Every structure is written in structure tokens, then in C-alpha cells.
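See structure below.
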Amino acid sequence: MKAVVFSKQGSTEVLQYTDVPKPTLDANEVLVKVEACAVNYLDLHARRNRPEIEAKLSRGDTPHILGSDIAGTIAEIGETVSGTTVGDRVVLAPCIPCGVCSDCYGGAENLCDTQELIGFQTNGGYAEYVKAPAQNAIQIPDALSFVNAAAMPIAYLTAWHMLMIRAKLHPGEDILILGVGGGVGSAGLQIAKLTGARVFATASSDEKLARAREMGADATINYKDIDFSEAVLAATDGRGVDVVLEHVGAATWEQSIASLAKNGRLVSCGVTTGNIGTLNIRKLYQKQLTVMGSALGTVTELRTLVHLAARGQLEPIIDRTLPLHRAGEAHVLLENRQNFGKVVLINA
Ligand SMILES: [Zn+2]
């Protein structure tokens, strides 16, 4: 089969469009003919220098195939698979949990210590075919395109788990969404509007903020040369917001905390600018703040998201589609932050 692969980490030059063997199935697995595979920032980090990929390559598990957000059709099923048949249209849940630990049994498989991410610890969807455990394959209705389905798993699962499961955002609340031009930010905006919350959004370009307002953001803040917490406090009569969706990390942490109202909740899913932030503990308890973490979401949550997208209540933002062999260009687009929404690779 054709695939975009690499055997050593580096710039986009290491990506090669070539022939590799089709995956062979274990009894509990399905083979998916990939129709669409969305590109994530994680793919760029994996290609460049993530140690998990280096470890996979150096133990001889080579070449590596990226791609965690995958939609396609079932092409083959393993001997013990039931409930899924050849030809089914599916989207793949991106994580493969162990299935037997206490977190997995408790329905919180996103906390499983030994879970693997497709396209990261295993080979992924920058290919004609990918394999996955049958329970990762979620059927999608005809109303949901492969491209839109592939744009959903990581960004929408992350945003949903943050806002609905962790922060429990509800109608009438104010939320601040950082980096609204990114995958998690734009998904968070749509989900927050579904709940009836009032949305404040930040981005570094007026163009991205205009798009965010078209998508329903109530107020937008260009954070480029200002302390955005001051703009948030000014826009809320000094009160602050009930929830902050934080995924930037060190560069924004203190401003994010300072944007919170009394009883406010900060929920974080990422640290693109660094792991360490400081916290004024006196303010934490005096304002009765809550700081919480969030990591991806569960298969059950992804089913809910597929349902909402099929009904048109959520609509992934697609920047563009590119044929699989142009994966390197897709990486450059993300590297230069030239995209608004998802870049999706398709098998033409
Ligand atoms: Zn587990």
C-alpha cells in the first residue's frame, strides 16, 4: 500500500511517500481503508523530536506512519470481531486503552497508564490502510462526511471533555477560550455555544478573530501586545469569567488565572509554551478557584460528538484538504500557522 513514512526524525524532508506492506490483523482488529486523516500539531512534534517516536524507531519498529484522526471504511475484520462488517463507514477513536485496568473498567479509559495513541505509539493513518482494535471503530452516518469525521476526534474530544466533563460549563456562564484559531479552540467555541454560555475568545490575528465572531464568539481579544486578563476584566465589569479553556501553558498561565471570576474554573489540556506556571495561592483560596487538568476523552464521548455532528449541531472547520502524498505541505501550513481549522489528508 502507499503511505507517507519516515525512518528518522527531522524536518519535512524525512517524510517519504512510498510503498509499505499492508498491516496484518490480530483476531480482535479491523483494517480500515483510510478516506481522510486530519493533521495535528502532535504529528509535527512526533516527526521532529518526540522521544516516544525515537524509541519506536530505535527498537527497529520502522518506518513510522503518523496520523491519529482517521475516518474510512472497514476493509477486513479479524476472526473474533462482531458488530462491524466490511464496508461500514467509521471514524477511529484515537486511543487504544489496555481494557483491563481499574481506570478502563471505570469508564475512564483516557486515564489508562498504558494506552497507546494511533499514529504515535502505533502506525497511523497517513496511509491507504490502518489497523485498529474493533472497539475503536465508531460507525458514522452518511450525513457525516469522511473529511468532517476525521477532523473531529482529537480536537473535539479534548474540548468536550474539558468543558462538559471537567469544567461542567452551563448556560449563562462566561468562558474565555484561548487560541480560538486552533483545533481545540474552535471546537471549544462551538461546544460552548451549544451550552448557551457567553464566549470570549483570544487569537493573535484580527482575521482569526473575525472568523471566531462569525462562528458565534460574543467578544474577541487580540492578545498580541496586551495582557488579555485586563481586557477580560474590562469586558466583564471587573468580574472575570467562570471558565478558562487553557492549552497554551507557561506563556499565558498567570493571565488565565487572573481572568477568573470568584468560583472560577481553569481547565488545561496542553502546554505548547512550557510546563511550569506560578500560582498565587492566596488568590486561589480567597476567590475559591479550581484548577483542573483534562486529557482527551472517552469512546462514549466521541459517539456523542459524532451524533451531534451528524445532526449539524457541530461542524468541524476545514481549512483545506490535500492528497496524502502532499503531507509535507500540510505540516508546513501548520508550522507557519497559516491554517484556520483542520488540514485533512485524503486518499484520492
Ligand atoms: Zn487501562
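Can you pull the Rg over Rh of segment 191-249, Cα-only, Kirkwood?
0.94
If a/c stays under 1.5 just call it rounded; otherwise compare a/b with b/c (prolate if a/b is bigger, oblate if not). Do that for segment 156-293, with a ≥ b ≥ c from the square roots of the Cα gyration tensor eigenvalues.
Here segment 156-293 falls in the rounded category.
Got a sec? Charge dipole of segment 156-293, +1 on Cβ for Lys and Arg, -1 for Asp and Glu; which of A234, A210, I281 is way out at the positive end?
Result: I281, furthest along the dipole toward the positive end.
Report the gain in length on full extension from I281 to C98: 0.36 nm times residue separation, minus Cα-Cα distance, nm rounded to one decimal.
62.2 nm
List the lysines whose alpha-carbon lies under 20 Å from that of K2, not counting same-chain residues fewer than 8 positions away?
K22, K33, K131
Kindly report the accessible area of the chain per residue (heavy atoms of protein chains, probe 1.4 Å, no ligands, DNA or RNA), in Å².
44
What angle do you read, to the nearest 10 degrees and between 0 and 90, between the alpha-carbon axis of helix 183-195 and the longest principal axis of the chain?
The angle comes out near 60 degrees.
Dipole of the chain, Cα-centred, from +1 at each Lys and Arg C-beta and -1 at each Asp and Glu C-beta, to the nearest 20 debye?
500
Relative to the compact-globule scaling 2.2 N^0.38 Å, provide the ratio for the alpha-carbon radius of gyration of the chain.
Compactness ratio reported: 0.99.
If I compute solvent accessible area with a 1.4 Å probe over the protein chains, what percent of it on segment 257-348 is carbon and sulfur?
50
Springs between alpha-carbon atoms under 10 Å, Gaussian network over the chain: tell me which of T272, T202, T73 tops the mean-square fluctuations.
Judging by the Gaussian network model, the answer is T272.
The values are calculated or read from the model by the stated rules, or taken from the named source; none is laboratory data. On a predicted model such as this, the values are computed, not experimentally measured, just so you know. All Cβ positions, even for glycine, are placed from backbone atoms using ideal geometry, and neighbour counts span all protein chains on display. Note: areas computed on protein heavy atoms with side chains; ligands, DNA, RNA excluded. Shrake-Rupley method; radii C 1.70, N 1.55, O 1.52, S 1.80 Å.
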